[in-house]
Structure formats: structure tokens, C-alpha cells
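Undergrad: Before I ask anything, let me first share the structure, which is written out below as C-alpha cells.
The values are calculated or read from the model by the stated rules, or taken from the named source; none is laboratory data. It should be emphasised that the depicted structure is a prediction, and the values quoted were computed from it without experimental measurement. Ideal geometry is used to build each Cβ from the backbone, glycine not excepted, and the neighbour counts take in all protein chains shown.
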Amino acid sequence: MATLILSLLLWILANNTIVASGCMEIERNALLTFKAGLVDPQNLLSSWERKDCCKWRGVVCSNTTGHVMKLNLRGSYDMLSEEWLCLSGEINPSLLLLSNLEHLDLSMNNFSKNSIPAYLGSFKNLRYLNLSYLYFGGTIPPQIGNLSKLRYLDLNSEFNYPSVIRIDDILWLTRLSSLKYLDLSFVNLNTSTDWLHAVNMLPSLKVLHLFLCSLPGISTSLSHFNLTTLKVLDLGGNFINSTLPTWLRNLTSITYLDLSSNEFHGIIPDEFLYLSTLNHLSLGYNVFKGMNPKALRYLCNLTTLDLSSIGFGGEIMEWVEMLPRCVRNNLQSLYLGYNNLKGNLSGWLEQMNSLTDINLGSNLLGGSIPTGVWKLPNLISLALYNNSLEGVVSDVEFSYLRKIQYLDLSFNALIVRVRDDWVPPFQLKGIALASCQLGPNFPAWLKSQSQIKWLDLSKTKIADTLPSWFWNMSRFISYLDLSDNQIKGRLPLLMGFTMLWYLNLSSNQFEGPLPSLPHNIQIIDLSNNFFTGVLPNIVLPQMEYLFLSNNGIGGRIPSPLCESTFLEVLDLSNNNLSGEIPECIGKSQEYLSVIDVSTNNLVGGSLTPFARRNIFRC
């Protein structure tokens, strides 16, 4: 009996899992060597001092062997501290000692001085690799094609754009036969003429993002089509000049299709008849001549339809009637902006009760906004800008918008009348009422809106002072335009508005000294006011446009202005500036194309950088 029990125990030990007590010493040392090559100002890896590396931040070990299986050091943005929590430095090859690694995520960090290391292609067990948003440069190494077990590959380089990371020869991609997810957005593929052939060799692929990749073209037909499992296809922003490919009809599993911002032309064909699983269809910003009336007939699962700026004209009602009833009932997002559609909103829009997002801006629509549109129960975003809509919009209509977050009624003949004591049932993140009749009083109902990120009340006939609560309304505001009104008063210090990148208060009646501005601001227009005092002696490293003309600003041009190395336009004309123009202006600002300091009391200065470009006016 004892022999039998011993044999049974040995069998259990040999055939069942054995829990490891902690991480491997060799792998712990490898991680510490990797850490030594990183710059970690926020001390994100403070836990990387304990004995057991399996308990370190971002490290996941196998419960059975103790080997490191997963390393997730993805960066993030902290909304409270308003800063990026990320690492920089270099990716040390000591990581190769993590020979059992299956998951590696270093995304949203800053390795701007590096290229993607070729040795990352040596992780034979890797199934997940995310190197997106890392500011890498150079060429993506073909050794990535050695990761034969890889199922997920994300090399999205949006943060690095317009700097270029590229692939010279994409055929290494064909060796990743197990790949299910691929994102090469913002990677330059302009020499990869065989990109479609390479992708077509990935029979398991379900998601493909190739947004803004400078694709050199597209084959309109394929002799053999392998992408029958593809669910997501994003080819937006590539300026592909072609008719729509006939192989689209073979995407029988597709749910998301984005072909926007290209140069596809001709008639939108009936290829889409076959894509009954489609939820999202974006064909906007192309040059189609029209659409086959049957093209969308069977797309009853469609929830998002984007046909913005494709040259459509005629009566909007006739176009909508081409949509089958099931689409009109289920559609959640409808984008038809920047076309030449005529007619009004009555008789069709208020019947689409599932809509959450509507953009009909920049068309030829007229009439009033029907009450039924305001009553759409799920509306989150409504954009009707730049049409010929008319009538009165009051707090009665606004009260129906309980879920609204984004509202743009700009550039219509609308009159907005809202009671001063009205409290909205919503919290807006963005509102634009430019050129609507809103004044003369500043809208008091905005006091309750604490989440606004962009606000445009330009040309709204406001003749008032800004209430004290306005500057406490939202610390997250990033875009503010109150230009072309008659707003009076002084400006407070604006340095606390750390998200603000666009500020336009031009053509008002503001007075007093110029405010101190937030560090990251990019576009400033305070022209045509009554500002006095001197230019603030502060550094604005991200500033691109500065308009301060037609004020009463005196003193000298401060030399810290030279540290705005991204400056493109500088207009200080018609003020009381004196002294010399700093010689550094223009020498360290390679993007500077226009500078106007005329009608001041300036003397001397360095004209040389501008003489050959004919942009200096003094």
C-alpha cells in the first residue's frame, strides 16, 4: 500500500502544476538592468526594489513556474495633476533574458532618441507587442517578422507625426501568420507597393488599422482573397486615388470600415449590399459622383454612417429615403456635413430616435429646427453649423437636451433667447454659437457648465463685461473664442488654464495690462482691443501665432519671445513699442513666415533673416 501511495504522489508531482515561490533571480536582475536604462522622474517603478519581482508594478509571472510572462509599462495621462506619467531612456537588451515573455506593452512612453530595437524580434514566445505612441524614429526592423507566435501588434506612431517612422520592405509581415490585430497607423508605407499582398497573407487577421500611412495605391481586385475573418478595416487618410475595390464584397465578417479622407471616386457601388454585418461605414472626404440607390439596402446593422464632404447635392429628404427603414431606425451617428444638400429638417430627422450624434454642418439647409429634433431622446452631439437655419431657440428647446455634450449652431440666422435664471439639465463639453444673436448680455446659464473644453461665442452681439464666475467655469477649457463682440473689462491671470491652446478675444473692448498666459498656449489673438502696459516677460515654448496689433502696448519687445521656436506669425503692429528689435527673433524660429511690427517706435533690429523672405514689415 505504501508503495502505491508513493507512486501516486510522484505521478501527481510529475503531471500537475507546481506553484513557484517567487520570480527567477536571473529575470529579476534582467529587469533591474532594464530599469537602470530608464529615466523615471515620477518614480513610477518605485516598487521595483522588493525581493519578489512578480509583485512589481507592471510585472506578471506564471503561477506555476515563476517566469515573467507579462510586462506592462504603458504610460498614461493624469487628469488631476495634468501631466504625463511615462518613462523615457532606452530599451535595454537585458529584456531578452525574459525568455518566456508573452506580453510586452511599452506604449505611451517617450523613447524619442531611439529606433525600435531589432533584438525585439528574438522573443520567440511573444504573442502581444504594443509599441504605440513611443516617438520612435527610423525604420521598423524586419526582425519583428520573426515573432511567429504574435497575435497582436500595435506600432501606431501618432504621437511622432509628422516625423516619420517607416517600413521599407513590408514582406516580413507575411511571416506573422497568427496575427489577429495589426495597427501601423502613422507609419510611412509609401514604398510598400505590395502592402495589400502582404496583408492578404494573414488569414487570421481580424483588425487592420493603416490610417495616414501614405499608402502608394490599392489593387481594385484580388485573385485570391484571404481576409474573410476581417472585422475592422481602417484605410483612412491615405489619399488613395482609385475607384472602390471590388474585393470589398468579400469582407463578409466586416463590422467597421473606414475609407475616409482618400481620393476614391466614381459612383458608390452596390458592393456594400454584401456587407450585412457592417456597423460603422465611413466614406467621408472622397470625391464620389453619386451613390447607387441600392448600395445600403441591406445594412440593417449600421449604427454609424459618415458621408461627409463627398460632393452630394440635391434634396436631403430624397437622399434619406434611399436609406432602408431598418437603417433609419437603428442609426446612432449620422455625418453628412460639407455637402450641398438642400431642404429642411422637418419630416425625417425627428423620426430617427436612435441618433446620438448628428453633423449636418456646411450644407444648404434652411427653415427652422423642428421641436422633434430637440426631443430626440439620446442626443449627445448636434452640429448644424454653417447653414441657413432661422428662428428662435430658447431654454424651452434646450431643456429637452438632457444628454447633450456638444452643440454647434454657429453661422446660422438663429436668435438664442435664454432666461438668466434658467439652469440647464445637461453638462456641455463644447458649445459654439458663433454669429447667432445671443447678446447683449453675457449668457448667465453658462455658469453651471463646469466641464466645457471648447467655447465659441464670437460675433454674437454681446456688449457686456465678463462675469467674475466665467474664469472659474472650467479649468479644462482648451479652445476659447469670444472675438468680434463688445466685451469690456480687464483680464485676470490665465496661467492656471493649463489646457488652453487657443485664445481669441480680438475685436472687443478689453483694457488694462496683458494677462500672463498658460505655458502650453499655441494661438493667441488679442488684437483690436485697448490693452496697455508691456509685453509679459515670459516664455511660451509652444506658441505658433501671436496677434497683438491695434492696442496701446508699450515698452520693449522681450527677448524671451525668441524662445518660442515654433512661432509662425508675429503681429505687433500699431502699438507703442519702443527700443530695438531683439536680434534673436527669426534666427531660432525656422517656421516664422510673417512678422509685422509696423507703426511702432522701434529702431534698428535684425532685418537679415526676413529680407529674403519678404515678410518683415517695420
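Undergrad: Quick one: what pairs do we get from the range 220-238, first residue closer than 20 Å to Ser178 by Cα, second part of a loop (DSSP other than H, G, I, E, B) and charged (D, E, K, R), C-beta under 6 Å, 6+ apart or different chains?
TA: So the pair list comes out as Thr229/Lys206; Lys231/Lys206.
Undergrad: Related question: Are any residues in the range 515-547 within 16 Å of Ser483 (Cα to Cα) and hydrophobic (A, V, I, L, M, F, W, C), and if so, which ones?
TA: Once the filter is applied, which keeps residues that are within 16 Å of Ser483 (Cα to Cα) and hydrophobic (A, V, I, L, M, F, W, C), the range 515-547 yields Ile523, Ile524, Leu526, Phe530, Phe531, Leu546, Phe547.
Undergrad: If I go through the range 214-242 residue by residue, how many of them are out of contact with any helix residue (DSSP H, G or I) (no Cβ under 8 Å at 6 or more places or on another chain), surrounded by 15 or more Cβ atoms within 10 Å (Cβ to Cβ) and outside any strand (DSSP E or B)?
TA: 10
Undergrad: Can you find even one residue in the range 312-329 that is closer than 21 Å to Asn262 by Cβ, out of contact with any His (no Cβ under 9 Å at 6 or more places or on another chain) and not in a helix (DSSP H, G or I)?
TA: Yes, there is a match, as at least one residue in the range 312-329 is closer than 21 Å to Asn262 by Cβ, out of contact with any His (no Cβ under 9 Å at 6 or more places or on another chain) and not in a helix (DSSP H, G or I).
Undergrad: Oh, and also: Kindly provide the set of residues from the range 574-599 that are within 14 Å of Tyr545 (Cβ to Cβ) and surrounded by fewer than 20 Cβ atoms within 10 Å (Cβ to Cβ), ordered by number.
TA: Across the range 574-599, the qualifying residues are Tyr591, Ser593, Val594, Asp596.
Undergrad: If you don't mind, another one. Filter the range 476-495 down to residues that are among the hydrophobic types (A, V, I, L, M, F, W, C), more than 7 Å from Asn508 (Cα to Cα) and modelled with pLDDT of 95 or more, then give me how many there are.
TA: So the answer is 2.
Undergrad: Moving on to the next point. Would you please list the contacts, defined by Cβ atoms under 8 Å and residues six or more apart or on different chains, that run from a residue in the range 543-555 that is at positive phi to a residue that is surrounded by fewer than 17 Cβ atoms within 10 Å (Cβ to Cβ) and in a loop (DSSP other than H, G, I, E, B)?
TA: Gly555/Gly533
Undergrad: Does the range 446-494 hold any residues that are under 14 Å from Leu517 (Cβ atoms), part of a loop (DSSP other than H, G, I, E, B) and over 24 Å from the mean Cα position of the chain (by Cα), and which are they?
TA: Result: Leu491, Pro492, Leu493, Leu494.
Undergrad: Can you name every residue in the range 155-195 that is closer than 18 Å to Leu106 by Cα and not hydroxyl-bearing (Ser, Thr, Tyr)?
TA: Across the range 155-195, the qualifying residues are Leu155, Asn156, Glu158, Phe159, Asn160, Ile165, Leu182, Asp183, Leu184, Phe186, Val187.
Undergrad: Strands (runs of 3 or more DSSP E) wholly in the range 331-423 with at least 2 residues that are buried (at least 20 other Cβ atoms within 10 Å of the Cβ) and in contact (Cβ under 8 Å) with a residue 60 or more places away in the chain - which ones?
TA: none
Undergrad: Continuing with the same structure: Of the residues that sit in the range 146-176 and are β-branched (Val, Ile, Thr) and under 28 Å from the mean Cα position of the chain (by Cα), which one is surrounded by the most Cβ atoms within 10 Å (Cβ to Cβ)?
TA: Checked the range 146-176; the qualifying residue surrounded by the most Cβ atoms within 10 Å (Cβ to Cβ) is Ile167.
Let's see how each residue does on (1) more than 19 Å from the chain's Cα centre (by Cα); (2) surrounded by fewer than 19 Cβ atoms within 10 Å (Cβ to Cβ); (3) part of a loop (DSSP other than H, G, I, E, B); (4) modelled with pLDDT of 95 or more:
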site: Lys70; (1), (2), (3), (4): yes, yes, no, yes
site: Arg74; (1), (2), (3), (4): no, yes, yes, yes
site: Leu80; (1), (2), (3), (4): yes, yes, yes, no
site: Ser94; (1), (2), (3), (4): yes, yes, no, yes
site: Leu101; (1), (2), (3), (4): yes, no, yes, yes
site: Leu126; (1), (2), (3), (4): yes, no, yes, yes
site: Leu134; (1), (2), (3), (4): no, no, yes, no
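Undergrad: Look at the range 308-320 and say how many of its residues are over 18 Å from Asn286 (Cβ atoms) and either in contact with a strand residue (DSSP E or B) (Cβ under 8 Å, 6 or more places away or on another chain) or touching a residue at least 24 places away in the same chain (Cβ under 8 Å) (or both).
TA: Adding up the residues that qualify gives 4.
Undergrad: Which condition does Leu45 not pass, out of (1) part of a helix (DSSP H, G or I); (2) surrounded by 14 or more Cβ atoms within 10 Å (Cβ to Cβ); (3) of a type outside the set (Val, Ile, Thr), if it passes all the others?
TA: Failing condition for Leu45: (1).
Residues are listed down the side, and each one gets a yes or a no for (1) touching a His at 6+ places or on another chain (Cβ under 8 Å); (2) at pLDDT below 95; (3) under 15 Å from Ile524 (Cα atoms); (4) assigned to a loop (DSSP other than H, G, I, E, B):
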| residue | (1), (2), (3), (4) |
| --- | --- |
| Met543 | no, no, yes, yes |
| Ser549 | no, no, yes, yes |
| Phe566 | no, yes, yes, yes |
| Gly586 | no, yes, no, yes |
| Gln589 | no, yes, no, yes |
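Undergrad: With Glu263, Glu271 as the choices, which residue is over 22 Å from Leu323 (Cα atoms) and of a type in the set (Asp, Glu)?
TA: Answer to the selection: Glu263.
Undergrad: Still on this structure, I have one more. Just the residues that are free of Cβ contacts under 8 Å to residues at least 40 places away in the same chain, part of a loop (DSSP other than H, G, I, E, B) and surrounded by fewer than 18 Cβ atoms within 10 Å (Cβ to Cβ), please, taken from the range 495-521.
TA: Matches in the range 495-521: Met495, Gly496, Ser516, His519, Asn520.
Undergrad: Quick one: which of Leu179, Leu173 is touching a strand residue (DSSP E or B) at 6+ places or on another chain (Cβ under 9 Å), modelled with pLDDT of 95 or more, assigned to a loop (DSSP other than H, G, I, E, B) and farther than 27 Å from Pro269 by Cβ?
TA: After applying the criteria, what remains is Leu179.
Undergrad: Which ones in the range 440-468 are of a type in the set (Phe, Trp, Tyr) and either within 17 Å of Tyr502 (Cβ to Cβ) or touching a Leu at 6+ places or on another chain (Cβ under 9 Å) (or both)?
TA: Passing the criteria: Phe442, Trp454.
Undergrad: Further question on the same structure: From Asn344, Asn387, Asn329, Asn363, which residue is at pLDDT below 95 and closer than 26 Å to Tyr285 by Cα?
TA: Result: Asn329 is the single residue among Asn344, Asn387, Asn329, Asn363 that is at pLDDT below 95 and closer than 26 Å to Tyr285 by Cα.
Undergrad: Is it the case, given these coordinates, that Leu184 is of a type in the set (A, V, I, L, M) and touching a Cys at 6+ places or on another chain (Cβ under 9 Å)?
TA: Here the answer is yes, as Leu184 does meet what is asked.
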